[in-house]
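Asks: Next up is a structure, given as structure tokens.
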Amino acid sequence: MTLQGVAAFTTAALVSLTVQAEARTPCQEYLRLRNAASEAWTQAMRTPRSDRCEALHRASLTAEATLAYAGANRES
């Protein structure tokens, strides 16, 4: 392989790694939001009945945030 071939291969590899890293970033944020929403729902169901309405409201807000993020970043 010539020096030009090595340079082209290296450049292609770096571009590929950058694209993969950028593609993973939105997914990591989505997973964080999804896990937070799941935890909020779990906590809401463990809350005493007298306080459950407020806990369910908070859980629904976290679910809405997850859906909004997924909708805004569906292209990536």
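Computed from the coordinates by the stated procedures, all read-outs in this text should not be read as laboratory data. None of the values given here were measured: they were computed from a predicted structure. Positions of Cβ are backbone-derived with ideal geometry, glycine not excepted, and every protein chain shown enters the neighbour counts.
Asks: Taking the condition of being of a type in the set (D, E, K, R) and surrounded by 14 or more Cβ atoms within 10 Å (Cβ to Cβ), how many residues in the range 30-51 meet it?
Replies: 1
Asks: To continue, here is another question. Being under 18 Å from the mean Cα position of the chain (by Cα) and of a type in the set (A, V, I, L, M, F, W, C) is the filter here; which residues of the range 42-76 pass it? Explain how you work it out, then say what you get.
Replies: To start, the set of residues in the range 42-76 that are under 18 Å from the mean Cα position of the chain (by Cα) comprises 59-76.
59, 61, 63, 65, 67, 68, 70, 72 - these are the residues of the range 42-76 that are under 18 Å from the mean Cα position of the chain (by Cα) and of a type in the set (A, V, I, L, M, F, W, C).
Asks: Scan the range 26-47 and report the pairs whose first residue is in contact (Cβ under 8 Å) with a residue 40 or more places away in the chain and whose second residue is small (Gly, Ala, Ser) and surrounded by 12 or more Cβ atoms within 10 Å (Cβ to Cβ), with Cβ atoms within less than 8 Å and a gap of 6+ or a chain change.
Replies: Filtered contacts from the range 26-47: 30/70.
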